[in-house]
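Report on the structure given below.
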Amino acid sequence: MTDTPFRYAESRPPAEAAVWVLSLWRFEVDALPQGGPPYTVWPDGCVSIALVPRGIPGPGVLITGPRVTAMRPPLRPQTRLWGIRFWPDVARAVLGLGAPELRDRVGPAPAAIAARFASLRDRLTPALAGPAGFASLSSWLREHCAAWAAPDSQVRHAVRNIVAARGEVSMPEVARAAALSLRQLQRRFAAATGLTLREWARVRRLRESLAQHMTGADGGWSAVAASTGFADHAHLTREFVALTGLPPSAAAKLLSATRHEHVQP
């Protein structure tokens, strides 16, 4: 067993699907670590579809709804998953269900959603290698994304604004930039994403903090806190505990149990 039993890789979506898709991903684990750290899925505020390669028993299409807290899903040895992480504001257009209806949902996808991705699952086999698997996902997306409705442009402006600011932006400022009143934006944002503006900002700042730690930021967590807009290390710690259930040092230990490839915050 290696020091990093879990393997997680991402790839950019094809340009044709980039309005709807944030990233493509693959997760693998061979043997589960005995007494080792659990695999942790860090909150991203997005909806993800996970596909179990054909020929493996059990549900073939899994879904993770928008959430702002970490989760530690049960895993089996030899797990292989391919997935699509969508922008937080496109659930209804792509899946036929609104993000509020999918909030905090984890498990087998509803039958109607599973049916939408059945043809994609049929292209995936347990032995499919990384580049070939990502190519299959991309090809399927190119074939299907033209039928999806475009997201609300003003909500998308707010989503991107918060991402660009790494969560460090006032919500009245976000609303002004989207040419909406704050109340209008709050209502439309929640309907599209299942999240509040503040929840999306908190998730983005957490992920930026994790990304900075992964790249070996000088000065440790205090430096990360300062560069991501936290008042101090104690403020960073409180937010980590609230969103992940762990202080930063413990979160870092779990993070190190996974080999990450080409991962973006």
Point to revise | So ALA211, is it crowded, with 16+ Cβ neighbours inside 10 Å and within 17 Å of the chain's Cα centre (by Cα) | key: yes
Point to revise | Inter-residue pairs, beta-carbon under 8 Å, first farther than 20 Å from ASP232 by Cβ and in segment 196-221, second of a type in the set (A, V, I, L, M) and crowded, with 21+ Cβ neighbours inside 10 Å, 6+ apart | key: LEU197/ALA158; LEU197/ILE162; LEU197/VAL174; LEU197/LEU185; TRP200/VAL159; TRP200/ILE162; VAL203/LEU195; VAL203/LEU243
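Which of the following residues is touching a helix residue (DSSP H, G or I) at 6+ places or on another chain (Cβ under 7 Å), assigned to a helix (DSSP H, G or I), farther than 20 Å from VAL29 by Cα and among the aliphatic types (A, V, I, L, M): VAL163, VAL169?
Just one listed residue meets the conditions, VAL163.
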Practice item. For segment 219-226, state whether one or more residues are closer than 25 Å to GLY83 by Cβ, surrounded by 14 or more Cβ atoms within 10 Å (Cβ to Cβ) and touching a Pro at 6+ places or on another chain (Cβ under 7 Å). Key: no
Exercise for review: Would you mind stating whether LEU236 is in contact with a Phe, Trp or Tyr (Cβ under 7 Å, 6 or more places away or on another chain), in a helix (DSSP H, G or I) and surrounded by 14 or more Cβ atoms within 10 Å (Cβ to Cβ)?
Suggested key: yes
Review point. Can you name every residue in segment 64-83 that is under 14 Å from ASP44 (Cβ atoms) and part of a strand (DSSP E or B)?
Key: THR64, MET71, GLY83
Check your understanding: Restricting to segment 84-112, what's the tally of residues that are in a strand (DSSP E or B) and either within 25 Å of ALA190 (Cβ to Cβ) or touching a Gly at 6+ places or on another chain (Cβ under 8 Å) (or both)?
Key -> 5
Review point. What is the residue count in segment 123-150 for residues that are surrounded by 14 or more Cβ atoms within 10 Å (Cβ to Cβ) and over 22 Å from the mean Cα position of the chain (by Cα)?
Key: 3
Revision key, fill the gap. The condition of being over 15 Å from ALA17 (Cα atoms), assigned by TED's automatic domain parsing to the domain that holds PRO33 and touching a Gly at 6+ places or on another chain (Cβ under 7 Å) holds, among PRO73, PRO66, only for PRO66
Study note, to complete from the structure: From the option list LEU95, LEU120, single residue qualifying as surrounded by 16 or more Cβ atoms within 10 Å (Cβ to Cβ), among the hydrophobic types (A, V, I, L, M, F, W, C) and within 18 Å of the chain's Cα centre (by Cα) is LEU95
Check your understanding: Looking only at segment 1-40, which residues are surrounded by 17 or more Cβ atoms within 10 Å (Cβ to Cβ) and of a type in the set (A, V, I, L, M)?
Key -> ALA9, ALA17, VAL21, LEU22, LEU24, VAL29, LEU32
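The values are calculated or read from the model by the stated rules, or taken from the named source; none is laboratory data. Just so you know, these numbers come straight off a predicted model, no measurement behind them. Every residue, glycine as well, gets a Cβ built from its backbone with ideal geometry; the counts of neighbours run over all protein chains shown.
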